[in-house]
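Rule-based calculations on the coordinates, nothing more; no lab input. As the structure is a prediction and not an experimental result, all values here were calculated from the model. Positions of Cβ are backbone-derived with ideal geometry, glycine not excepted, and every protein chain shown enters the neighbour counts.
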Amino acid sequence: MEPAKFKTLGEEGAFWELFCGQSDDRIDQRIREAHVRSVLDLGVGVGIGTVMLYYTFGFEHLEGVDRNSEEGAVEAHIKIREEAKGEAWPYPRTLHYLWSEVEPVPSCAIAVKQTYSALREKIQLRYGCHIQNYVSLQPHYDLVIASNVLHFLPITQLREAWSRIQAWSKPGGLVYVRVKPERKEVTDTEQFIRICDEAAEKLGLKRYDGKPTGEGSHITYSNLIAAELL
């Protein structure tokens, strides 16, 4: 059996897939060489990707916000898993349990699995808050993530969201944005893509077009791979 191909930018379904199993060494190298210490995850969901980042890199400050309630985020995540597997979720429907499934691997910076209470203290999450209303705990971050979230915003708020991403990102910082411009929530796909392209260019992000799925096309904008390695 051939080894599974790693996921790289444009191939991932969500940010956390870049650190699940085999990954693109160029992304790992970029994050480590950038000496990332602080992370802001916009649309954090249940925070599994944030937990993976903590285990993998041992960042000092991890922060996330989501428009759903904590219970709503958990239910949405479990629903996706139930539909994908075709069977009911048999375990407790809690954030605590979902986080307990994330296991550090030998190459992780954090070698020992953390208790839920320790992780919750380390990862600062705020639920029930939209991006445009969020008051961050720090003025700037080394890595800003917006994975599968901007297409849920009214198109009139899209430029403001990109402006906030730019404001939160440190000069020369890393940014990852993934969007689904053909989602039913997007009222004007061409305008949506145009706004994203323009904003990404201002931030110096490269565009990666993913293969269409059942939800249509998806686009990743990021500088997680250094230009000289492309």
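Table for the structure above
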{"quantity": "Candidates per GluC sites (Glu not before Pro) in the range 28-94, loop by DSSP, up to 14 other Cβ within 10 Å", "calculated": "60, 87"}
{"quantity": "Most to least packed among 40-47, 112-119 [average Cβ atoms within 10 Å]", "calculated": "40-47, 112-119"}
{"quantity": "Among 133-142, 219-228, the order from most to least packed when residues are scored by Cβ within 10 Å on average", "calculated": "219-228, 133-142"}
{"quantity": "Cross-link pairs beyond the 18 Å C-alpha cut-off, checked among 85/211; 170/202; 7/211", "calculated": "85/211"}
{"quantity": "Computed FRET value (nearest 0.05) for residue 37 with residue 206, which takes r as the C-beta separation and R₀ as 35 Å", "calculated": "0.90"}
{"quantity": "Residue exposure sequence - 129, 196 - by fewest surrounding Cβ within 10 Å", "calculated": "129, 196"}
{"quantity": "Positive-end extreme of charge dipole, the range 85-230 - chosen from 152, 114, 128 (charges on Cβ)", "calculated": "114"}
{"quantity": "Least to most buried among 54, 208 (fewest other Cβ within 10 Å first)", "calculated": "208, 54"}
{"quantity": "Ascending count of other beta-carbon atoms within 10 Å, so fewest first, for 15, 57, 152", "calculated": "152, 57, 15"}
{"quantity": "Dipole in debye (nearest 20) - the range 188-230, about Cα centre, beta carbon charges: Lys, Arg +1; Asp, Glu -1", "calculated": "140"}
{"quantity": "Total charge dipole magnitude, the chain, about the Cα centre, Cβ charges on Lys, Arg, Asp, Glu only, Debye to nearest 20", "calculated": "300"}
{"quantity": "Estimated 222 nm signal from helices in the chain, with DSSP H stretches of n ≥ 4 weighted -39500 (n - 2.57), rounded to 500", "calculated": "-9500 deg cm²/dmol"}
{"quantity": "Antiparallel bridge percentage (DSSP; both residues within the chain; nearest 5)", "calculated": "30"}
{"quantity": "Inverse of mean 1/r across different Cα pairs in the range 19-229, Kirkwood, Å", "calculated": "18.0"}
